[in-house]
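Quick notes on the structure that follows.
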Amino acid sequence: MTATMDVSTEAIVTGKPATRKRPNPFRQPATSIIRHVLLIAGALLMLYPVIWMVVSSLRPNEEIFRTPGIIPDSLELSNYIEGWNALSFPFGVYLLNSVLVVLGSIIGNLVSCAMAAYAFARLEFAGKRWWFAIMLLSIMLPIHVIIVPQYILFSELGWVNTFLPLIVPKLLATDAFFVFLMVQFIRGIPRELDEAARIDGAGHPRIFLQIILPLMVPALATAAIFTFIWTWNDFFAQLIYLTKPELYTVPLALSAFQDAESATNYAEMFAMSVVALVPIFLVFLFGQKFLVKGIATTGIK
């Protein structure tokens, strides 16, 4: 109706026959093509380092920096075999160590952070707002500030050169980001469900386990994915607590390829880097649906 009135008004004012403007059929496809071209170019620009690393893992070591292109002249699949056995132990030992640390961290974060989030979202206790604010402030606390007292504590307990310093803190809800994420998710669950369960005689443990926890699957999946990626790539904390080669995780094993006293075999290092990248790629590929859903439903923008 508005378009019709505008055309009629134009005809009255100008005294000329009204002409309706037709949309340009080529404008929208052209805009879409330009947008897709820019997106593809940006994606290739970001993926170029990964592609170059994969290609370099298939090249002879002496050709990696001599021909820095992404089209290899020859393929050296032996880099993967030699890189797997290049260190003191097979690379599978380091993968297994990382898997143990990651699984312990995921279980610890999911259990402790979910319980802490339920307490902040549903329970009433003295100083609740202050404790919640302190918990949020701990997000801004860098690990370098607390690593020295933590190391002294774990050293006194005899936990250095074990996986305990990397796993036990996760059981105490030390990752405030996940607590906040789950609190936001639980606040979006109607309290009427809690009240209905309370009328049936359910207490807080039953409400948490049978009502809240099943509805928290997207938030739990998001926390699990982030924990996996961060723990799998963690280098600093693992370098501090793990000094025995048989306890090395994947980041420490990759750093062991760089020898200051001899030439570094970059081909083997890149080959094992590709192997270490595969689990992260698979987790993100199959978990991106839960990741997007978990972030979208927690109120985090």
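Since every read-out is calculated from the coordinates, none of them should be taken as a lab result. Note that the structure is a prediction, hence the values are computed from the model and not measured. For neighbour counting, all protein chains shown are included, and Cβ atoms are generated from backbone atoms with ideal geometry for every residue, glycine included.
Tabulated values for the structure
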item: Ascending count of other beta-carbon atoms within 10 Å, so fewest first, for Leu254, Leu137, Leu166; result: Leu137, Leu254, Leu166
item: Segment 93-125 and segment 148-199: distance between their alpha carbon centers, rounded to Å; result: 6 Å
item: Estimated distance in nm for a label pair at Arg198 and Ala126, the labels positioned 7 Å out from Cα along Cα-to-Cβ; result: 2.2 nm
item: For Ala276, net neighbour charge (Lys/Arg +1, Asp/Glu -1) across residues whose Cβ lies under 15 Å away; result: -2
item: Lysine pairs in segment 89-296 with Cα atoms under 30 Å, if 8 or more residues apart or on separate chains; result: 5
item: Difference of contour (0.36 nm per residue) and Cα-Cα distance, Arg66 to Asn161; result: 30.2 nm
item: Selected from Pro218, Val55, Leu103, residue furthest toward positive end of dipole (the chain; charges at beta carbon); result: Pro218
item: Inter-label distance for Arg206 and Lys244, nm, one decimal - labels placed 7 Å from Cα along Cα-to-Cβ; result: 4.7 nm
item: Percent RCO, i.e. relative contact order, over segment 89-296, from Cα pairs under 8 Å lying at least 6 residues apart; result: 34 percent
item: Theoretical gain in end-to-end length, Leu282 to Leu75 [0.36 nm per residue, Cα-Cα removed]; result: 72.1 nm
item: Segment 89-136: C-alpha gyration tensor shape, a/c 1.5 cut-off, then a/b vs b/c; result: prolate
item: Chymotrypsin sites (Phe, Trp or Tyr not before Pro), loop per DSSP, at most 12 other Cβ atoms within 10 Å - longest free stretch of the chain; result: 126-301
item: Exposure rule at most 12 other beta-carbon atoms within 10 Å, DSSP loop GluC sites (Glu not before Pro): the chain longest free segment; result: 125-260
item: Environment charge at Ile167 (Cβ cut-off 14 Å; Lys +1, Arg +1, Asp -1, Glu -1); result: -1
item: Relative contact order of segment 112-208, defined on C-alpha pairs under 8 angstrom at six or more residues apart (%); result: 50 percent
item: Helix runs (DSSP H) in the chain reaching 27 Å along axis by Cα, Kyte-Doolittle at least 0.5; result: 27-56, 91-122, 266-296
item: Answer label, with Rg/Rh (Cα atoms, Kirkwood Rh) calculated from the coordinates and candidates (i) 1.03; (ii) 0.96; (iii) 1.16; result: (iii)
